[in-house]
Structures are given as C-alpha cells and as structure tokens.
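For reference, the structure is listed below as structure tokens.
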C-alpha cells in the first residue's frame, strides 16, 4: 500500500518491524517518565490503590496513544517518520486509535493485577492466560513475520497500517498467520491449566486459609502465600528446604515494624496442618505503588526456621 503525503509529494510505504519497535521503545520511555513524575506527586495515593493502580497507567497510556495517533502521531513515531493510517491512507479517528490500543494495553495492564477469586481457578486461568500471554505473543509474531502488510494484531483488528518513508510495498496478507495465532492462544491458554493440575497440592486449602487470615489484618492491603521446595548443593551433599513464603503489602508504608513480621509468621503457624512439612518461613513486607508505566517499591525480608519463629512469636495459639 502506498499513499501520498498531504503536505508533500513524498511517497509513504509500509513501516518495517525495526522502526516500529524503536518508536514503541521511545513511547514507552516517555510514558515511564510521565509515570515517574506523577509518582512524585501522587505516590501515596497510587499506593493506596494497590493493584488497581494499573488502571491509572492504562488510562494515561490509552489517552497518549489515542490522542496522538489520531493526529500527527506519537512522539516515537514522529521521531522515526511513522504515522498510522486507515486502508485508504487517511488519518484515523480518536475512537479507532483507542480501539487499536486496546489489544496492546489490556493484556499488559491486566498482567499482575489480582483478580477476584473464582471457584474453578484452573478453568478460569485459561482465558486469562490466553489474554495476557497469547495475545501478546500473537502480536509479536505478526509484527515480525507478517512481511506482506507489516500489520500486528492490533493493526489487523483496527484496520490500520503504519506508514513510513522508503518502506516496503504492500502484498496480500497470508491468512495462515491466523492459524499460528490460534495455536499460540491455545498453548498459552491451556498450558497454565495443565501445569496447575500437575502441580496442585493437597495443602492448597491451608495456603488459602493463611492468605485470607493475613488479608484480614487491618494493616494489610494484600497478601500472597506460596509453598515450595528448594534444593541446595554443598560439600556435605544436597539439602532440600521446604519454604513457606508470605508476601504482604502494607497499607501505611511501614515495612520495618518487627511486630508485623511476628504477626504474619504466627498466622502461618496457626493454620499449618503439619508444621513439620515446612523448614523455613520467609516473610516479606512490601510497600509502594505500581501503575504499570512506573513503580516505586520498598520491601523488607525476614527468613527464619519454624523453630526460630516459634521462639520469636510465642505460642501459635494466638488468635488473630
């Protein structure tokens, strides 16, 4: 596809992947700078939002791409001599620019957000994983290997093209790319579910109980609990440690208060069905914000054996 610039007779052709990637990196750095500046002023408010702070970053990024791509182009595209047009070579509307952003923005900003618990987590992980990872991989695949139209997934869905000076000419789109994208969606969707079934543990109910009890603490904004084994090699042979990891986001930013480590560890000891199945309890207190385009985080980690935690926190019968 070729079109004539409205301001000159320079011929514009399709933009290749290299220039598009460089332009995107520039735009990402600009958004990061915007996020860091806003974080200086509103960091405490962002922290109170918790994982929902990603919505702030989403709105900022959506406005950036929707407004600028519907006009002369984002700063990154202008720096590389690129612009977004429709199939007739005309500038796109703000609504179409927003629609074009969604296949990029939604998977990125939803990644890392803690969504409401579902009864069947395995089944619900399939669409979530396909959304977060499958769409991203499909977009990257098309950007690199769709040499005919150089459209990524968001371009195809919005019916847009990215144009550049002295780029390659348009050729018919190979529909076999859709088969590859479908395969990527299936693999990324079914893979985590299969892994969860293979690695599911009988003690997952215990982990849920610990997480729920931690989240009920007034100073806790969010909590995550993981249980796994780590194997260490030394001159004396191999040692396997079973680790219970407690990651706790605090509401007020105080990640150094000793009693909070004790409360978190004591909560775990109360709900553990078999404390002997755990060798080490690692407690991490975290504070800060993450809005997707910028983050600022402080954390404090304490790791002790179960016996050491018992001595430190006292009787495990303490009622939370």
Once you sort the root eigenvalues of the Cα gyration tensor of region 204-313 as a ≥ b ≥ c, which label holds: rounded (a/c under 1.5), prolate (a/b larger than b/c) or oblate (the other case)? prolate
Sticking with the crude label model, points 7 Å out along Cα→Cβ, report the distance from residue 274 to residue 21 in nm, one decimal please. 4.9
FRET efficiency, 1/(1 + (r/R0)^6) with R0 51 Å, evaluated for residue 87 and residue 48 via beta carbons: 0.70
Any chance you could run the full-extension gain for residue 106 through residue 180? It's 0.36 nm times the residue separation minus the Cα-Cα distance, nm to one decimal. 24.5 nm
When the label point is put 7 Å from the Cα of residue 256 along its Cα-to-beta-carbon vector, which residues of region 288-305 have a backbone N closer than 17 Å? 288, 297-302
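Bear in mind that the values in this text are calculations on the coordinates, not laboratory data. As the structure is a computational prediction, the values presented were derived from the model and not from experiment. For neighbour counting, all protein chains shown are included, and Cβ atoms are generated from backbone atoms with ideal geometry for every residue, glycine included.
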